[in-house]
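Step one of this worksheet: look at the structure below.
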Amino acid sequence: MKALQLIVALLILVTIHEFGHYFFARVFGIKVNRFYLFFNPRFSILKYRPDKGTLQLIGWTDKDGNEKAWKTLKVGKEHPARPDGRQTWRDTLYGLGWLPLGGYCDIAGMVDETKSSKDLASEPQPWEFRSKAVHKRFMVMVAGVLFNFILAIVIYAGIAMHWGDRVVPFTAMTEGMDFSSEMQDAGFRNGDRLLSLNGSPLDAKDYSVAWDIVQPGATVDVLRNGSDTVSITVTERLLSSIVTKGKDYQGMTIRIPVVIDKLMSGDPAAEAGLLKSDRIVKVGNDTTPTITEFMPVLATNKGKNLPFTIIRDGKEMTLDVAINDAGKIGIQMLSPLAIFKIEEVHYSFLEALPRGWEIGTDRLSSYVSSLRLVFSKEGAQSVGGFGTLGSLFPDKWDWYSFWQITAFLSVILAFMNIIPIPGLDGGYIFFLLIEFITRRKPSDKVLEYANMIGMAFIFLLLIYANSNDIYRLIIK
């Protein structure tokens, strides 16, 4: 199920990314030879030729350059090329590959992973990429990144409009937070109530709060012991200590009071006279303001009869309760959703768009700031490949989670592609900027060698990232 969700997400992201290149190529009259979702080494699952009106199932090219297919279907009328030579959608071969690691838009007259400088030895044609003005080529190359970021904003806006926001405000977290050992080493204490970050009140609707709090130099104000305001300045050490913890790591969680929702007939709690809505605050000599303290106390006092201090209708009282040999007393505790004041925000279409922009830009900022960790020992060890990406998805299909993760992957894809590494969109954009500044166009040979070096680097990075996944799964 995780793999299926990752493949569907990649299908969406790759389609939008490559369509960005395709769209602007078509706007500027540039021919697109092939438009492929996923890669197709040796054979393709589907190949559609508008000029012939045919759909090939399992198509390949033999050693003599002849096109073969397991089955060829006629799927409509033929759409021959325009007699005036103008390039249209009908001049493109559309295909679906079998290797779900990406996709490509084969643009005529451009050195890329499908063509070398030798393939461009002929005279440039007016419908080729290399014949167009630098600003048009720039728009074609930046379009993939642009479309991916727009997609993320649209998805986040859709999430806001359909689901809205349902959060517990920090001001309603009356018992404060529980913090991991790393957070406690940084100065936080269990029971601290979060007040502000760098002088601004914290907003639970802010998706990046947990990340922003652990940034080096951040100043977090907390309310401690119900009355003391304490300022904590975060150091680099905290971020370094948590970067390898994985996606399931939680630096802080809400402390939940022990409030009874249901009692099991015949079990110790019911026999002792405890009632629904009673809040348990003490067991024996141990104070138990939240579940964090309550459960360990029960576990260490199995088989004992102890006085339980409770609050009922605002008054404190004590009842003797027998803890059974399993460390239970027979209660079901009230859900946090029923305890805390929940803030629900619903967005109209016009309100959802700026909310989508806010979340998208926030996620991009958080992701960019986290990349510096890759250059540390801990960060390099945390780099993952497709296994890591797949692990982001839940075990069961959940549309809310799927769209949240897909939007975030779209943000990642947009930023990673803008990095100026030859072979990525950012590499081409880098050379186009040089051309724009110097008024000199790099030769096709230079672009070819740069592309080869860049692709080798990307390939090695993929091997390293996926090797980390294998190491964590099998060895570690």
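For residues in region 201-213 being aliphatic (A, V, I, L, M) and modelled with pLDDT of 90 or more, which is farthest from S240 (Cα to Cα)? Please lay out each step first, then the result.
At the first step, the residues of region 201-213 found to be aliphatic (A, V, I, L, M) are 202, 204, 209-210, 213.
Then keep just the ones that are modelled with pLDDT of 90 or more; that gives 202, 213.
Values: L202: 23, I213: 14 Å.
Out of the qualifying residues, it is L202.
Taking region 223-244 as the range and being without any contact (Cβ under 8 Å) to a residue 40 or more places away in the chain and either open to solvent by less than 20 Å² (accessible area, probe 1.4 Å) or among the basic types (K, R) (or both) as the test, only R224 passes. The number of residues in region 93-111 that are in contact with a Pro (Cβ under 7 Å, 6 or more places away or on another chain) and either open to solvent by 70 Å² or more (accessible area, probe 1.4 Å) or at pLDDT below 85 (or both) comes to 0.
Restricting attention to region 412-451 and to residues that are of a type in the set (D, E, K, R) and surrounded by fewer than 22 Cβ atoms within 10 Å (Cβ to Cβ), the residue that is nearest to E18 (Cα to Cα) turns out to be E448. As a summary of the residue check, R82 satisfies the conditions (1) farther than 30 Å from L389 by Cβ; (2) under 39 Å from the mean Cα position of the chain (by Cα) except for the one numbered (2). In region 245-286, of all residues being under 14 Å from V321 (Cβ atoms) and acidic (D, E), the one that is most open to solvent (accessible area, probe 1.4 Å) corresponds to E271. The lone criterion from (1) open to solvent by 60 Å² or more (accessible area, probe 1.4 Å); (2) under 30 Å from N417 (Cα atoms); (3) of a type outside the set (A, V, I, L, M, F, W, C) left unmet by P41 is number (1). Selection within region 454-465: residues that are surrounded by 14 or more Cβ atoms within 10 Å (Cβ to Cβ) and among the aliphatic types (A, V, I, L, M). The member of this set that is farthest from S382 (Cα to Cα) is M455.
Kindly indicate the residue of region 378-411 that is of a type in the set (F, W, Y), open to solvent by 30 Å² or more (accessible area, probe 1.4 Å) and assigned to a helix (DSSP H, G or I) and also farthest from Y156 (Cα to Cα) among those meeting that condition. Before the answer, list the steps.
Initially, region 378-411 is screened for residues of a type in the set (F, W, Y), giving 386, 393, 397, 399-400, 402-403, 408.
Next cut, open to solvent by 30 Å² or more (accessible area, probe 1.4 Å) only: 386, 397, 399-400, 403, 408.
Next, from what is left, pick out any that are assigned to a helix (DSSP H, G or I): 386, 399-400, 403, 408.
Working: F386: 23, W399: 13, Y400: 10, W403: 8, F408: 9 Å.
So the residue we want is F386.
Looking at (1) crowded, with 18+ Cβ neighbours inside 10 Å; (2) part of a helix (DSSP H, G or I), can you tell me which one E175 breaks? Failing condition for E175: (2). Restricting attention to region 184-222, the residues that are among the charged types (D, E, K, R), open to solvent by less than 60 Å² (accessible area, probe 1.4 Å) and either in contact (Cβ under 8 Å) with a residue 60 or more places away in the chain or in a loop (DSSP other than H, G, I, E, B) (or both) total 4.
Looking across region 288-322, the residues that are under 21 Å from M252 (Cα atoms) and of a type in the set (S, T, Y) come down to T288, T290, T292. Could you pull out every one of the strands (runs of 3 or more DSSP E) wholly within region 295-365 that has 1 or more residues that are open to solvent by 50 Å² or more (accessible area, probe 1.4 Å), closer than 30 Å to V167 by Cβ and touching a strand residue (DSSP E or B) at 6+ places or on another chain (Cβ under 7 Å)? Ranges flagged: 305-312, 331-333, 343-345.
Counting only residues that are part of a loop (DSSP other than H, G, I, E, B), closer than 14 Å to R34 by Cα and at pLDDT below 80, region 112-134 holds 2 of them.
The values are calculated or read from the model by the stated rules, or taken from the named source; none is laboratory data. Values in this document were obtained by computation on a predicted structure and should not be read as measured data. Note that we place each Cβ from the backbone using ideal geometry, even for glycine, and neighbour counts take in every protein chain shown. For the accessible areas, the whole protein counts, side chains as well, though only heavy atoms, and no ligand, DNA or RNA atoms are used. Shrake-Rupley method; radii C 1.70, N 1.55, O 1.52, S 1.80 Å.
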